[in-house]
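**Q** Quick one: the structure is below, questions incoming.
Since every read-out is calculated from the coordinates, none of them should be taken as a lab result. Source: prediction; values computed, not measured. All Cβ positions, glycine included, derive from the backbone under ideal geometry; neighbour counts span all protein chains shown.
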Amino acid sequence: MAGKKKEWAKVVSQKQLAEGIYDLWLETDLASQAGPGQFVGLYPRDKSILLPRPISICEADRQLNRLRLVYRLAGQGTKEFSTYKPGEETALLGILGNGFPLEAGIGKKVFLIGGGIGIPPMLQLAKELQAKKQILLGYRNDQLFLRDELAAQGEVFVATEDGSAGTRGNVMDIISEEGLGAEIIYACGPLPMLKAIKVYAAEKGIPAYLSLEERMACGVGACLGCVCKTRETDHHSHVNNARICTDGPVFLAEDLEL
Amino acid sequence: MAGKKKEWAKVVSQKQLAEGIYDLWLETDLASQAGPGQFVGLYPRDKSILLPRPISICEADRQLNRLRLVYRLAGQGTKEFSTYKPGEETALLGILGNGFPLEAGIGKKVFLIGGGIGIPPMLQLAKELQAKKQILLGYRNDQLFLRDELAAQGEVFVATEDGSAGTRGNVMDIISEEGLGAEIIYACGPLPMLKAIKVYAAEKGIPAYLSLEERMACGVGACLGCVCKTRETDHHSHVNNARICTDGPVFLAEDLEL
Amino acid sequence: MNTKVTIAGVEFKNPVMTASGTFGSGMEYGEFVDLNRLGAVVTKGVASYPWPGNPTPRVAECYGGMLNAIGLQNPGIDVFLERDLPFLKQFDTRVIVNVCGKTVEDYLEVVEKLGDTEVDMLEINVSCPNVKEGAIAFGQNTCALSEITAQIKKHARQPVIMKLSPNVTDIAEMARAAEAAGADALSLINTLTGMKIDIYKRQFALANKTGGLSGPAIKPVAVRMVYQVANAVKIPIIGMGGIGNAEDALEFMMAGATGVAVGAMNFVNPYATTQTIEGIEAFMEKEKIDSLTDIIGCVK
Amino acid sequence: MNTKVTIAGVEFKNPVMTASGTFGSGMEYGEFVDLNRLGAVVTKGVASYPWPGNPTPRVAECYGGMLNAIGLQNPGIDVFLERDLPFLKQFDTRVIVNVCGKTVEDYLEVVEKLGDTEVDMLEINVSCPNVKEGAIAFGQNTCALSEITAQIKKHARQPVIMKLSPNVTDIAEMARAAEAAGADALSLINTLTGMKIDIYKRQFALANKTGGLSGPAIKPVAVRMVYQVANAVKIPIIGMGGIGNAEDALEFMMAGATGVAVGAMNFVNPYATTQTIEGIEAFMEKEKIDSLTDIIGCVK
C-alpha cells in the first residue's frame, strides 16, 4: 500500500442531496487506495481555518480514480466546500483511517446501520461486502439521501425522527418493529446510536464494528487529539486511549468504553 | 460629497502593463466621488491578512462609474488582486485622502512628476488639470507603463535608472538635462525623489504638492498609524504629525519634514 | 428583548463599545456608522498634554491580526475637552475616556479635568506596551497597579475602569489587585506584545521594534483571561481582543464580560460595531433570550 | 552553502526541528517526509510512566491557529526506549527527547533513564498549560525554574534545553534564571493559554476548558520573546511558534534563534519541515549567505 499523501484533487461534480447535505466527486490518485469506512482530510482554502476536515468516503471508483464524499454543512469549512464547482482544485489528505473489515462479514447476515451523516460510508461498504445485507438508515425527516442507491445494494429499512417516512424513531426502533436480526453489525452515526448498538450487540452476543467521530487536528496519529476510551490498554498509547484517526475510526464495540 | 463607504466593486478588466505592474478597472459607485491623487483601500479575500491595501486612483470614469487602479505587486495582497478576472467582486473602501489641489495649478506651467508606482495618479491629474503640463516620469527600465497615455495629456519626459530609455538617471536629471522649469509641481513617488523635489522647489521658490506613502491600518484617520512629520503643529493632532490617509496623502512640500 | 447592560451603575443601551485607539474620538467612523447605535464610544488615550507618539512605521500586518506601536499619540486633554467631547455629546451614546500618562500625576491631571464633564466613565490605560515610561509599567506589577488605582479612585468623579495588560503571568492576580484598590470595573485585554521582522530588508517591521498584537489572532487568549478574571473578581468586565462580529461578542459575554469592545476589526470592517449589535439582537431573537444579562458568564 | 548550526556542542545538519507534541516520535510523519532531512526530531513529551491525558474534545480550531489540551498523553519512558528510540535511531537526524513530569522526581527518573542512550539532547517541558500538576508550575516562577533546572543538570548526561512558557510577565527574567541554573539552551515559546466557547451549545470547545494556542496566530509573540531572550542570555535558543515555512524560520533566526521548530503547521502541511529546509537553502542561495550562522540574531 502506498503511503499517505497531501495532494491536489480536482472537483468532478457537486450537487446538493438534501437540506445541508452535499455530494462531491473528486478526481484523485488516492482513490486507488480507498476502502469502505476510511476517510480523507479536506483542507479549506480559507486561511483563517487551518486544519483538514475529516470526511468519510461514500464511494471510491478505483478505475476512474474518483472519490465520492457526501458531507453535511457543519461550519465555515464545509460551507466553503459546498461552493466548489467542477474543475476547481482542493487539497486532500489521505487515505486516512482503518476502515471496516470486510472479511468479518462475508456471507453473513449483517446489519449496515447509518444514522444521519453516518449514512454515506455505508454505500461503499454495501457495494463491497458480499453478505446478506439489511441496511438500516436513520434520518431526521423524509429527505432520504442515498436511500435509493443503498436499496440497490441490499434490503433497506428507514427510520425518521419526525415519522415522515418509514419507522418513527431511530434505527433501533426499526429492529424491534420489523423483528430483524443479524450475525454482525457495521455502523456509523451519532454517539447515542452507537451506544445503543453496543448494548444491543452485547445482548445478542454479536460483533459490532462502530465508526467513531471526534475533533481532529493532524488526522495521521501524531497529535493525539482524537482519542477514544478503550476497555484494554491500547497497544500504541499504553493507556486506555486509541487514536480514532489511525487506530480507528472503526472499532469493535466491545473494545470501546463509550 | 457623500461619505466614505466600504462596498463591493466589480472587476471590469485587468491586464499586466509591465513586469509586476497591473492595470485593474473596477465598476463602483465610489467612482463618482474620486479625484486625482485620492486613493482607495482594496481588501484581500485571503483571511490571513486583514487590512485594506491603499492603492492610488489612476483614472476615474465618473460617467461609467469606473475606477482604474494601476498597482505594483508588493506582497500577498497585491498578488491576490493580480489574479482577479472580469466579473469577480472585491471589497473596496473609499474614497480616501485629500487628492491634488487642481486650482493651484490652473493655467500655470507645471511639472507633473511620477516615479515608479507614483506614476499612475499622474494620469487622472493630467486629464483634469488645465495647465501647461510637463510630465516627468521616472522608470526603472524601458517598460514605460502609462507613458503613451500620459503623452496624450502633455509633454512627456522620461528617465530610466538603467538608461534604456530617455535620460539616464532620475526625474531630477531630466530637469537639468532638458533645462526645464515650472511654476508649480505635483509629484508622487519614492521618498528620495520627493526629498529632492522638496529641495528643488524651495530653491526655486515654487510650491510643490507631494503625495506620500506609509504603512496604513484603518485608512480613515482613526488609528494614527500613517503619520508624517510636519513643520508646524498639525491642526488635528496638535503635535507635528499629520495623518497621511486623511490630511494627505498630498501635502505642500514646505509643510513637511521629510 | 432587552440588550441593556449596567456597569458600575452606568446603564448602556447595549454592551457594544469601541476599543480605545481604534476609533479615534468617533468622528472618523461616524461616516460609516450611526454613533447613536453604540453602547459607548471609548476614546483614544488622552494625556495631560499632547503626545507625538512613535516614529513610523507604526503598524504592520500579521496572520489574523496586526501590530501597532502608535505610542499613544494624542492632542492632550485640553483639545479633547474643547473639540472631541462636544462632538461626542451630540450623540445618544455613553462616553468613556481612556486616560494615559507617564507618571501618576499625569493621570491625575487628566482625571481631575474630566471630573466636572459629562463623561460617563474613565478607562485607565496601564497596559500600553508601546511607550517607555508609565503605562504598562503600572500594569505588570500588582503593587504599582494597586497604587495607581487607589490614587485615581481618590480623584475620580466618574466610575473607574482599569484596563489590564495580558502580558502577565497571572491575570487574575492583577484583577484582584485592581478590585481591592477600588476599581469599579476592568477592561481586558490590551494588546499582546509582538514583533515582526522583514527578512528581506533584515529590519524590524515597526520603528519601535515591538508593538501590540490585536485582531482575531488574540481572541482565544482574551476569552481565557476574561473567564479567569470573571471567576476571580466581583466587579464587571469589558471584554475585548479580536471581536469583529456578534459571535465573538457573545463568546466574551458567555465567558463573563458585561460589555464588549470592537477594536482592530473596525479597520477590517468599518461597520463592525453596528453589525455586532444587529447580530446580537438576531441571536437573542433566535435563541429566545429576553435579557442579555442572562448570558453573562453563563458558561462555567 | 553551510546550513549547519551548533547548539550546546551538538551539531545539527540544519536548524529545522519539530516542535514537541506535533510530530509524535516521528513515525507518523515519516510517511510524508524523509526524516533524514531534518535537523532533529523533538519527541512528544515522555514521562516516567504512561499518562492518559485529558478527556476529549482535546483540540479546537481558532483564527489562524488551534487550541490543544492533550494533557501530555504518553506511553512512558520504558515504551519510548523500547519502541520509539530504536525507530528514530534508524535515521540520520538528531534526537531530542521532551521530558515531562508532575514532580521533580518524575523528571529525574526520565532523565536518568535517558542517560546512557543515544539521545542527543533533552528538552525539559516546564511549560505545558494543560496539566494540573507540575509542568507549567515550574515554568512560571523563577525560583521553581531555577530549582528544577539545577536538579536536572545534576543528573543529565546530555545537554539540557529548558522549554519556556510564554504565559509570563517577563520572559527574559525566566530565561536568565534558567541560564544561571545551568541550562545549556532554551526553547520557546510553548503555547499561549487560550479558550474557546461554543455560543450555540453554551459550552467550552475543549473538555479541559483552556488549552494551548499554537499556529501562525502566535508568531509575533514568539518572535518578540525570542528576540528578548536572545538579548538577555548567552545560551542558544530554539525558536518556535507558528513556523510553517522558510520565511517564518528565518524570521526567528534573525531575531536570535539558532534552531527553529515546526509545530502545529505540520498538521496543516505534513511536508512543512522539509519544505522549510528547502526554502532556507533557496534563500541562502538567492541572498548569497555562505553560512546560516551569519544570520542568527542579525536584526538588532
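**Q** Go through the range A:124-135 residue by residue and turn each phi into a ³J(HN,Hα) via Karplus (6.51, -1.76, 1.60, θ = phi - 60°); whole Hz please, and just put x for glycine and proline.
**A** Once θ is set to phi - 60°, the couplings for the range A:124-135 become 5, 4, 4, 5, 9, 7, 8, 6, 8, 8, 10, 9 Hz.
**Q** While we're here: Consider the operator that turns chain A into chain B: which A residue has a Cβ nearest its axis, and what is that gap in Å?
**A** Residue nearest the A-to-B axis, with distance in whole Å: A:Lys47, 3.
**Q** While we're on this one: Among B:Phe39, D:Phe32, which comes first, then next, by fewest other beta-carbon atoms within 10 Å?
**A** By the 10 Å Cβ count, ascending: D:Phe32, B:Phe39.
**Q** Work out from phi, with θ = phi - 60° and the Karplus expression 6.51 cos²θ - 1.76 cosθ + 1.60, the ³J(HN,Hα) of each residue of the range B:47-64, listed in order in whole Hz, and give x for Gly and Pro.
**A** 7, 6, 10, 9, 8, x, 8, x, 9, 6, 7, 8, 8, 10, 9, 6, 6, 8
**Q** From the square roots a ≥ b ≥ c of the eigenvalues of the alpha-carbon gyration tensor of chain A, which class results: rounded (a/c under 1.5), prolate (a/b over b/c), or oblate?
**A** oblate
**Q** What percentages, rounded to whole numbers, describe P(r) for the range D:143-268 computed over all alpha carbon pairs with 10 Å bin width beginning at zero?
**A** 13, 39, 31, 14, 3, 0
**Q** Output ³J(HN,Hα) for the range D:216-223: one whole-Hz value per residue in order, computed from phi by the Karplus curve 6.51 cos²θ - 1.76 cosθ + 1.60 with θ = phi - 60°, and x for Gly and Pro.
**A** Ordered by residue, 3J(HN,Hα) equals x, 4, 9, 4, x, 5, 5, 4 Hz.
**Q** Apply the Kirkwood formula to the range A:107-190: the hydrodynamic radius equals the inverse of the mean of 1/r over all pairs of different alpha-carbon atoms; give it in Å with one decimal.
**A** Over the range A:107-190, the inverse of the mean reciprocal pair distance is 12.3 Å.
**Q** Could I have the simple spin-label model distance between C:Arg37 and A:Glu7, label points 7 Å from Cα toward Cβ, reported in nm to one decimal?
**A** 5.0 nm
**Q** Over the C-alpha atoms of the protein assembly as shown, what are the Rg and the largest Cα-to-Cα span, Dmax, in Å?
**A** 31.4, 103
**Q** Let me ask you something else. If the elastic network links every pair of Cα atoms under 10 Å, which of D:Ile189, D:Ile277, D:Ile237 fluctuates the most in the Gaussian network model of chain D?
**A** Taking springs between Cα atoms under 10 Å, the residue moving most is D:Ile277.
**Q** Using the Kirkwood formula on the Cα atoms of the range A:12-83, what hydrodynamic radius do you get, in angstrom to one decimal?
**A** Final number for the Kirkwood radius of the range A:12-83 is 12.5 Å.
**Q** I need B:Glu103, D:Glu82, B:Glu128 ordered by Cβ neighbour count within 10 Å, fewest first.
**A** Lowest count first: B:Glu103, D:Glu82, B:Glu128.
**Q** Can you list the distances in nanometres, one decimal and ascending, from the D:Ala180 label point to the identical position in each other copy, with the point 7 Å along Cα to Cβ?
**A** Reported distances to equivalent positions: 2.6 nm.
**Q** Follow-up. Return the Rg/Rh value of the range D:1-144, two decimal places, where both radii are evaluated on C-alpha atoms and Rh is the Kirkwood radius.
**A** In the range D:1-144, Rg relative to Rh is 0.97.
**Q** Check which residues have an amide H placed less than 5 Å from C:Leu192's amide H, if you skip close sequence neighbours.
**A** Under 5 Å from the amide H of C:Leu192: C:Leu213.
**Q** In the range B:1-124, how does Rg compare with the Kirkwood Rh, expressed as the Rg/Rh ratio over alpha carbon atoms?
**A** 0.97
**Q** How many angstrom separate the Cα center of the range D:62-94 from the Cα center of the range C:10-31?
**A** Using only Cα atoms to place each centre, the spacing works out to 48 Å.
**Q** Only Cα pairs within less than 10 Å get springs; with that Gaussian network setup on chain A, which residue of A:Val12, A:Val227, A:Val239 has the largest fluctuation?
**A** The residue with the greatest mean-square fluctuation here is A:Val239.
**Q** Beyond a 28 Å Cα-Cα separation, which of these cross-linked pairs lie in this structure: B:Lys10/B:Lys229; A:Lys5/D:Lys44; C:Lys234/D:Lys201; B:Lys109/B:Lys198; B:Lys204/C:Lys201?
**A** B:Lys10/B:Lys229; B:Lys204/C:Lys201
**Q** Points 7 angstrom from Cα along the Cβ direction at B:Lys132 and B:Gln63: gap in nanometres?
**A** 3.1 nm
**Q** Take the alpha carbon atoms of the range C:32-55, find their center, do the same for the range B:76-149, and report the distance between the two centers in whole angstrom.
**A** Between the Cα centre of the range C:32-55 and that of the range B:76-149, the gap is 34 Å.
**Q** Between A:Pro121, A:Pro192, A:Pro52, find the one with the highest GNM mean-square fluctuation for chain A; connect C-alpha pairs within less than 10 Å.
**A** Residue with maximal mean-square fluctuation among A:Pro121, A:Pro192, A:Pro52: A:Pro192.
**Q** At 222 nm, what value in deg cm²/dmol follows for chain C if DSSP H runs of at least 4 each add -39500 (n - 2.57) and the sum is divided by all its residues, to the nearest 500?
**A** Value at 222 nm, helices only, nearest 500: -8000 deg cm²/dmol.
**Q** Would you please state which residues of the range C:5-20 a label at C:Glu281 would reach in this model, taking the label point 7 Å out along Cα→Cβ and a backbone N cut-off of under 19 Å?
**A** Once the point is set 7 Å along Cα→Cβ of C:Glu281, C:5-6, C:12-18 turn out to lie under 19 Å by backbone N, inside the range C:5-20.
**Q** Quick check: Cα centre of the range A:160-182 to Cα centre of the range B:188-248, how many Å?
**A** 75 Å
**Q** If I take R0 = 51 Å and measure r between the Cβ atoms of C:Glu118 and D:Gln90 in this structure, what FRET efficiency does the formula 1/(1 + (r/R0)^6) give, to the nearest 0.05?
**A** 0.10
**Q** Also: With viscosity set to 1.002 mPa s at 20 °C, what whole-number translational diffusion coefficient in µm²/s follows for chain C from Stokes-Einstein and a Kirkwood radius over Cα pairs?
**A** Result for D is 114 µm²/s.
**Q** Please report the relative contact order for the range B:11-157, taking Cα pairs under 8 Å with a sequence separation of at least 6, and give it as a percent rounded to a whole number.
**A** 24 percent
**Q** Compute the FRET efficiency between C:Asp78 and A:Asp162 as 1/(1 + (r/R0)^6), taking r as their Cβ-Cβ distance and R0 = 51 Å, and round to the nearest 0.05.
**A** About 0.15, to the nearest 0.05.
**Q** Please report, for D:Asp198, the nm distances (one decimal) from its label point, 7 Å out from Cα along the beta-carbon direction, to the equivalent points in the remaining copies, shortest first.
**A** Result for D:Asp198, in nm, nearest copy first: 4.4.
**Q** Given axes a ≥ b ≥ c from the Cα gyration tensor, I'd like to know whether the range D:197-237 is rounded (a/c under 1.5), prolate (a/b larger than b/c) or oblate.
**A** prolate
**Q** At C:Cys298 and A:Glu19, where each label point lies 7 Å from the Cα along Cα→Cβ, what is the point-to-point distance in nanometres?
**A** 2.3 nm
**Q** Distances from B:Asp173 to the same position in the other copies: list them in nm, one decimal, shortest first, using label points 7 Å from Cα along Cα→Cβ.
**A** So the distances to the same position in the other copies read 8.6 nm.
**Q** Also, I was wondering about something else. Counting other C-beta atoms within 10 Å, which of B:Leu112, B:Leu224 has the fewest, and how do the rest follow?
**A** B:Leu224, B:Leu112
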